[in-house]
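> Take this structure, written in structure tokens, and hold onto it; I'll ask about it next.
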Amino acid sequence: MSGNKSTAAPSFNDVWRVTVTGKKKEGLSEKEFARRYALHGKLAGPLVVKYNGISYRLHQIRGSHADELREKLGPELSSQLAVGDIDGVSTLVFPTAKDLAGFISDPEYGAKLVPDASEFGEVTSIQFSVGDELVVVDDGKFVL
């Protein structure tokens, strides 16, 4: 195999990336959901750091963003844009499974984070996925 970087298979980062998706509580406005979601992030952040978290990001799904994107794309392309039935996406990255497990099993997670999330989120809609990550573009630069 040649040493040409462009032909080498990209490798994943060997980290534990968790993606959590969920819906806001019925009747809660996007504005109030955004406020509560941000406060939840402030509450969870120190616990993420305690367990060596590399990153923790919140992504609010707003109807206005989807509407504006559809408008910019036009009818032909926007008909191909299927927006998921979720209101929030959290992504957390930990260096090891032990760190991730420590975060989830910490008593503060169950005592503070779960009850807080249930105040603004529909807990039955929450889904977790866990895996590795491959960074393709970072800080506006193609990195592979």
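Values in this text are rule-based calculations from the coordinates and carry no lab data. As the structure is a prediction and not an experimental result, all values here were calculated from the model. Here the Cβ is made from the backbone with ideal geometry for all residues, glycine too, and neighbour counts use every protein chain on show.
> Of all residues in region 49-79, which are touching a helix residue (DSSP H, G or I) at 6+ places or on another chain (Cβ under 6 Å) and either farther than 30 Å from N13 by Cα or not polar (S, T, N, Q) (or both)?
Y51, Y56, L58, R62, R70, S78
> Follow-up. Pull up region 10-48, narrow it to residues that are part of a strand (DSSP E or B) and among the hydroxyl-bearing types (S, T, Y), then point me to the one that is surrounded by the fewest Cβ atoms within 10 Å (Cβ to Cβ).
For region 10-48, the residue satisfying everything is T19.
> In the set V114, V83, which member is among the β-branched types (V, I, T) and in a loop (DSSP other than H, G, I, E, B)? Lay out the reasoning, then the answer.
Values: V114 fails: in a loop (DSSP other than H, G, I, E, B).
Just one listed residue meets the conditions, V83.
> Which residue out of V130, V89 is surrounded by 15 or more Cβ atoms within 10 Å (Cβ to Cβ), part of a strand (DSSP E or B), in contact (Cβ under 8 Å) with a residue 60 or more places away in the chain and under 16 Å from the mean Cα position of the chain (by Cα)?
Just a single option satisfies the conditions, and that option is V89.
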